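Heads up: the structure comes next, in structure tokens.
The numbers here are math on the coordinates, done by the rules we state, and not lab data. Predicted, not measured: the structure shown is a model, and the values here were computed from it. Cβ placement follows ideal geometry from the backbone for every residue including glycine, while neighbour counts extend to all protein chains displayed.
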Amino acid sequence: MDILSIAGIALAFIAILGGNALEGGHLSSLMQLTAFIIVFGGTLGAVLIQTPLNIFMRSLKTVMWVIFPPKVAAAEAVQKIVNWSNIARKEGLLGLESITESEPELFARKGLQLLVDGSDPEAIRSIMEVEVGALEYHDTQAAKVFEGMGGYSPTIGIIGAVMGLIHVMNNLADPSKLGSGIAVAFVATIYGVGLANLFFLPMANKLKSIVHVQTQFREMIIEGIVSIAEGENPRNIETKLQGYIH
């Protein structure tokens, strides 16, 4: 669980709602269903237009990474790779066959299988780098869905504000209807800017950083497996891979 994400969301709400209360404002004045429907619905519709279905579905799966990021045990992986290297030196590459079947990490398992099959080191690197590039691209595009929402949200908020003002102008003869129209106008702007800067853009940046960490982790696995294929000393492999951790 990412404590910083939870703390950030809580602090943002406390600061904004607390500041509103200190100024004598009421929470009910910020609760406008009409404004929320305009801003969130319009933003979602805009991002659906620009996003392919598979990328949008991927974004729904990765959104939980903001709170529950995938575990990347780099130090443990280094020790596993060093252990694989020792086995390969003692028993040959075929000695890794039993380990391949039990390896839980799918990406590492694919690399081990290529190793056991006797693939050339450069072929192993080439094959695995293609997969790394594809995974990084799709996950980065998923993060950009929220980046797009962060870009559209403030503009949709302005649309909501203008709609509220139009409603006000159409009811100048009836003062009882002016208050609700003005409320929607200003609250729609708050929703648009707030959703963008408190949720969508921070989520996009957090997801991009997670994708970067995962990519580095996979590159480390590639380097380790290729080093085993090249017959490097286990101690040298460990020293090389430690650089990815720091």
How large is the direction-averaged shadow of the alpha-carbon convex hull of the stretch 1-44, in nm²? 4.3 nm²
Expressed in nanometres to one decimal, the distance between label points 7 Å along Cα→Cβ at Glu91 and Ala7 is 4.5 nm
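If I take every Cα pair under 8 Å that is 6 or more residues apart in the chain, average their sequence separation and divide by the length, what percent do I get for the relative contact order?
It rounds to 31 percent for the chain.
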Global form of the stretch 62-168, assessed from the alpha-carbon gyration tensor, a/c cut-off 1.5: prolate
Placing each pseudo-label 7 Å from Cα in the direction of the beta carbon, Val193 and Ile245 end up separated by a distance in nanometres of 4.6 nm
Using a Gaussian network model of the chain with C-alpha springs under 10 Å, which one of Gly19, Gly194, Gly42 is most mobile by mean-square fluctuation? Gly19
What do you get for the angle between helix 178-195 and the principal long axis of the chain? Use alpha-carbon atoms, 0 to 90 degrees, nearest ten. 10 degrees
Relative contact order (%) - the stretch 1-144, alpha-carbon pairs under 8 angstrom, separation at least six: 28 percent
Given q = 0.20, 0.24 Å⁻¹, what are the Debye log10 I(q)/I(0) values for the stretch 104-217, with equal point scatterers placed on the Cα positions and solvent ignored? -0.98, -1.14
Which of Ala15, Ala75, Ala229 moves the most in a Gaussian network model of the chain with Cα springs under 10 Å? Ala15
Can you tell me the 0 to 90 degree angle between the C-alpha axis of helix 121-170 and the longest principal axis of the chain, rounded to 10? 0 degrees
Consider the candidate values (1) 43; (2) 51; (3) 34; state which one is percent of Cα pairs over 28 Å apart computed from the structure displayed. (2)
So if R0 is 22 Å, what FRET efficiency would Leu135 and Asn205 give, r being the distance between their Cβ atoms, rounded to the nearest 0.05? 0.70
